[in-house]
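The values are calculated or read from the model by the stated rules, or taken from the named source; none is laboratory data. Keep in mind that this is a model prediction, so the values were computed, not measured. As a convention, Cβ positions derive from the backbone with ideal geometry for all residues, glycine included, and neighbour counts pool all protein chains shown.
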Amino acid sequence: MSLSDRLDAARLNVVEPVDDGYKRARTTQKRVNEEPEPQPVDALASVKARAIDSLFESIGSRISDATLTEEQLQEFVREELVRIVGSEQLLLTADERKRLIQDIEDDALGLGPLQRLLQDPTVTEIMVNGHERIYVERGGRLIESGMKFASEEHLRRVIERIVANVGRRIDESSPLVDARLADGSRVNAIIPPLAAHGSSLTIRKFSETPFKVADLVRFGAFTEPMAELLHACVLSRLNIIVSGGTGTGKTTLLNVLSSFIPTDERIVTIEDALEIKLQQDHVVSLESRPPNIEGKGEVTIRDLVRNSLRMRPDRIVVGEVRGGESLDMLQAMNTGHDGSLSTVHANSPRDSISRLETLVLMAGMDLPLRAVREQIASAVDLIVQLTRLRDGSRRVTAVTEVLGMEGDTVVLQDIFTFDFSAGTDAEGRFLGAQKFTGIRPRFIDKFEEYGIAYSPETFMSAMGGVVR
C-alpha cells in the first residue's frame, strides 16, 4: 500500500465515530424507550482529524514527486506533523504533545495502536479481541495493553492493510487469513461473521535477528550437551521432527537447527507464511497460496513438497506438516532426501507419532495402519519435544530416538528428558533442567560415517552420569 493510500486511510480512521457498526446493530435491537448506552469519545479526535487533513493537503504535491523515496516521504510527514500540531496551540505538556504526534504518525505511517507494541522488544505476541481490547504477551505472561482502536472500521482497515501487503485478501466471502509483516512476524486475522464480537487479530512477533544456539542455552530452552548432540544430528543428515504445542517455540528451534546445515548444501524451505530465516546463501523459499476470489489458483503445501523434489534439494525444511503433505514428506525422507526437518503439533514424542499417522491418512491414500507406521519409523530418526511450562518458559522436554518397529508399535527411546522433580522457586519458575538418560543412541554409528567426532562420555562426565 502506498504512502498516499495510508494517509487517506488514516484520515478516515480518525474521523470515524468511536462506536462501530457492530455496536450500532446491537443498539437498534434495544427497545425504543430504552436509552442507548453512552459511547466513549476521544477528546483529541477532532484535533487528530484536522492534523491528518492538514497533513494530506501539505504533502499532496510531494506524493506525486517520483524522485522522493519512501523514507524521504516518511521524514517529511514527521516534520509536517510537528509543525501542524504546534500550530494548534493546544494546552498540552511536552510529553502529551509528543504522544499526540506519535499517535497520528502511527495511524498515517504504521498500524495505529499496534505500532508501538510491534516496536517494543519485550512484547512477543499481540492479541486483538475486537477494537477495544488489545492483549500482549510479555515474559510468557498475558496482560492487557491498555490500548485500543478508534472503531471496528479502524481495526478492519489495519487488517486489510496488513493482508494487502502480502497479496492476500479478507472480506465476507473469505473472512479469515494468514499473513505476515515485513519483518516476518506471523499474522492471523478473522472478521465477522465468523468473529461474533468484532474482528480478531493475532500477531506472533519474531526477533529482528534470529536466535542462535547460545541464546536458547541462555534462556534455558536446552543445555550445551543437547546443542552439541543436535548439531551432530543435523550434520549427519538425520531426519528430525520438532514437536510441540501452540506457542512452544517450534519455529524458533527449527531456525536454530537449520542454521547447522552446511553452507555448501541446497536448501528448500516450504511454509504457509514465510517465517524460517536461514543465514545460508543457497536457499529457495517457497510459500503456499490461497485460492483467489473465484476459488481458483490455490497452491498447497503438498503441491510445494512435491515440486521441491524436482528442484534438486540437499535438504527440505517444511515449516509445519498439518495435512496430506506429511505423506509426501515421509516419502521424500525415505527416498534419498536425508536431513529433512519439519515441525508438528503434538504434546509428547509418542503423540507426535500418532499425529503423523493421522496426517498421513488425511492424504486420502487407502493405506493400512501398519504400512503408515513403517513409513514413519523408517523416515524419522529423531523427535525433539518442546513444552511451554506454567511459568511461561519454553523448554526442550525430550530428545527421543525412533528405533523402528516392534510388532505393530513404533519403538521410541529417550536420550534426554526434563527433570520436573526439582519443583519451582518462590516466584513459580521451574528449577528443573534437561538430563541425559545415559543410553547410547544408535545413530552414533552414523556420526562415524560422516566423520563427526562425538562421544556421549564427553558430556556424561560433566553431567555426573554413566553411559549404558
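In the range 320-352, how many residues are within 25 Å of Val268 (Cβ to Cβ) and assigned to a helix (DSSP H, G or I)?
Keep residues of the range 320-352 that are within 25 Å of Val268 (Cβ to Cβ), which gives 320-346, 352.
Applying the additional criterion that residues be assigned to a helix (DSSP H, G or I) yields 325-334, 352.
So the count comes out to 11.
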| Only one of (1) in a strand (DSSP E or B); (2) under 15 Å from Leu181 (Cβ atoms) fails for Gln115. Which number is that? | (1)
| request: Keeping to the range 307-326, report how many residues are farther than 23 Å from Ser207 by Cα, among the charged types (D, E, K, R) and surrounded by 15 or more Cβ atoms within 10 Å (Cβ to Cβ). | output: 4
| query | Are any residues in the range 324-349 more than 21 Å from Thr251 (Cβ to Cβ) and within 20 Å of the chain's Cα centre (by Cα), and if so, which ones? | reply | none
| task | Select from the range 356-371 the residues that are under 16 Å from Arg322 (Cα atoms) and without any contact (Cβ under 8 Å) to a residue 24 or more places away in the chain and write down the one among them that is surrounded by the fewest Cβ atoms within 10 Å (Cβ to Cβ). | result | Thr358
| said: If I filter the range 398-405 for residues that are modelled with pLDDT of 90 or more, among the hydrophobic types (A, V, I, L, M, F, W, C) and in a helix (DSSP H, G or I), do I get at least one hit? | reply: no
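Yes/no matrix, rows are residues, columns are (1) among the aromatic types (Phe, Trp, Tyr); (2) assigned to a loop (DSSP other than H, G, I, E, B); (3) at pLDDT 85 or above; (4) over 20 Å from Asn239 (Cα atoms):
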site	(1), (2), (3), (4)
Glu427	no, yes, no, yes
Gly432	no, yes, no, yes
Arg442	no, yes, yes, no
Glu448	no, no, no, no
Ala453	no, yes, no, no
Glu457	no, no, no, yes
Ser461	no, no, no, yes
Gly465	no, yes, no, yes
| field | Within the range 274-284, tally of residues that are exposed (fewer than 15 other Cβ atoms within 10 Å of the Cβ) and under 19 Å from the mean Cα position of the chain (by Cα) | value | 1
| Can you name the residue in the range 296-323 that is hydrophobic (A, V, I, L, M, F, W, C) and under 25 Å from the mean Cα position of the chain (by Cα) and, of all such residues, is farthest from Asn334 (Cα to Cα)? | Val299
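Among the residues of the range 169-182, how many are without any contact (Cβ under 8 Å) to a residue 60 or more places away in the chain and in a loop (DSSP other than H, G, I, E, B)? I'd like the intermediate steps shown before the answer.
Filtering the range 169-182 for residues without any contact (Cβ under 8 Å) to a residue 60 or more places away in the chain gives 170-172, 175-176, 182.
Then keep just the ones that are in a loop (DSSP other than H, G, I, E, B); that gives 170, 172, 175, 182.
Counting residues in the range 169-182 that are without any contact (Cβ under 8 Å) to a residue 60 or more places away in the chain and in a loop (DSSP other than H, G, I, E, B) gives 4.
Only one of these is surrounded by fewer than 21 Cβ atoms within 10 Å (Cβ to Cβ), among the small types (Gly, Ala, Ser) and either closer than 26 Å to Val299 by Cα or in contact (Cβ under 8 Å) with a residue 12 or more places away in the chain (or both): Ser348, Ser421, Ser352. Name it.
Details: Ser421 fails: either closer than 26 Å to Val299 by Cα or in contact (Cβ under 8 Å) with a residue 12 or more places away in the chain (or both); Ser352 fails: surrounded by fewer than 21 Cβ atoms within 10 Å (Cβ to Cβ).
Answer to the check: Ser348.
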| task | Would you mind telling me which numbered condition in (1) under 23 Å from Val321 (Cβ atoms); (2) assigned to a strand (DSSP E or B); (3) not β-branched (Val, Ile, Thr) Ala189 fails? | result | (1)
| said: I'm trying to understand the selection: among the residues of the range 115-171, which are in contact with a Leu (Cβ under 9 Å, 6 or more places away or on another chain), β-branched (Val, Ile, Thr) and either at pLDDT 90 or above or more than 29 Å from Arg289 (Cα to Cα) (or both)? | reply: Val123, Ile126, Val128, Ile134, Val136, Ile159
| query | Does Glu271 meet the test of being of a type in the set (Asp, Glu), crowded, with 20+ Cβ neighbours inside 10 Å and in contact (Cβ under 8 Å) with a residue 24 or more places away in the chain? | reply | yes
